């Protein structure tokens, strides 16, 4: 985040060198105009960075230690960029208000000045799209489609930036800096929106079979058509199913098979909409896999004494990890379900526990024992000193346990989870 902050404020430093600050802040009108310019510069660079963060690059996944962390920054930076770009015209219009309200109103009238019009269109589109995102619950594929229009908003913002008379048009250095970020953002956005099928390398698999583990949970096994995707147990990937009964957009799923297996398995809970369609998959249906992603692997952290806590379908990455667990690791595994009938892969975990005495498996039936909590876990695991804690499950489940462990004194850096709820 610090690097992003620096990158977004470099244009402000260049802007400050173009003209003495004393003249830029000599009175109320010039100060408001200068603030509007600063908000515009920072907002535009952040908007560009936001598109880059959304590009689903593996180097960003590694740098931020998890794609969920990338998306968390994407969400926060998007909000900041929108606020900056919203205040940009508000501060600029103040100078017109000091002259007349009519001149101020004309500032927002489209088609009088085309560069200004492009800025108005961009801002209006952002307001509509973000309002839809925050206040209207759309189906995933509709939300994903609507989000693509943000690229069009950015395109109009770019036209406004480079065709309106401003410090960017006066300074070649400032123009080059902003142009570099703008063109990179446009390239990444266009690549992801229109050409990801051709430019993003994906692994070709086909469905081998599906198994209904219980009334809500389906296991899907896929075999490679050509190259096998190598991954670390605990990681996830984006899956696009080529089937007449399933919509083609990609969705993230944790991998439940072991990293040493030739085939890939995912375990999916029917949560409605898209996931309810997967039961219709048939053998030999095509699958495109974009991955692997994620930092959620016991091998990525130093301590070999660990606590794993799964809630519901959050069991999947732990199954993948348990299947390749080395004997020198000491693991206390807790699998929390609302009732026993919801639990899956019990025999797999029990077999692993029998073969490896350092792997202690505990099924936690909330209907009999109440909700699992950090105090109970710490007591059963005899403390948390020098232990890494892994959480996977519904967002509220992970957030609640994380906060409970922090209250008990666990270092936040020792608590690991991936969250795609934003």
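Read the figures in this text as sums done on the coordinates, not as results from a lab. What you see is a predicted model; the values in this text were computed from it and never measured. For neighbour counting, all protein chains shown are included, and Cβ atoms are generated from backbone atoms with ideal geometry for every residue, glycine included.
Quick notes on this one:
- Descending by average beta-carbon neighbour count within 10 Å, the peptides 66-72, 233-239 line up as 233-239, 66-72, the highest first.
- Normalised contact order of region 301-352, rounded percent, pairs of Cα under 8 Å and 6 or more residues apart: 47 percent
- Mean residue ellipticity (222 nm) of the chain, computed from DSSP H runs ≥ 4 via -39,500 (n - 2.57), nearest 500: -15500 deg cm²/dmol
- Contact order relative to length of region 234-305, as percent, for alpha carbon pairs under 8 angstrom and 6 or more apart: 42 percent
- Antiparallel content of DSSP bridges confined to the chain, in %, to 5: 60 percent
- Axis angle, to the nearest 10 degrees, between helix 67-92 and the longest C-alpha principal axis of the chain: 20 degrees.
- Scattering profile of region 203-293 at q = 0.12, 0.15, 0.20, 0.22 Å⁻¹ [log10 I(q)/I(0), Debye over alpha-carbon scatterers]: -0.31, -0.49, -0.91, -1.12
- Over region 7-77 - Rg/Rh using Cα atoms and the Kirkwood inverse-distance radius: 1.17
- Dimensionless Rg ratio for the chain, taking C-alpha atoms and the 2.2 N^0.38 Å reference: 1.18
- Highest average first, the peptides 73-85, 20-32 ordered by how many other beta carbon atoms sit within 10 Å of their residues are 73-85, 20-32.
- Angle in degrees between helix 114-135 and the longest Cα principal axis of the chain, rounded to the nearest 10: 30 degrees
- Once the convex hull of all Cα atoms in region 212-263 is built, its volume per residue stands at 108 Å³.
- Between helix 149-163 and the chain: long-axis angle, C-alpha atoms, 0 to 90°, nearest 10: 30 degrees
- For region 299-416: rounded, prolate or oblate by the Cα gyration tensor [a/c cutoff 1.5]: oblate
- Across the chain, the relative contact order, built from alpha-carbon pairs under 8 Å that are at least six residues apart, equals 13 percent.
- Ordering of 389-399, 279-289 by burial proxy (mean other Cβ atoms within 10 Å per residue, highest first): 389-399, 279-289
- Region 220-299-region 38-82 distance, computed between alpha-carbon centres (Å): 26 Å
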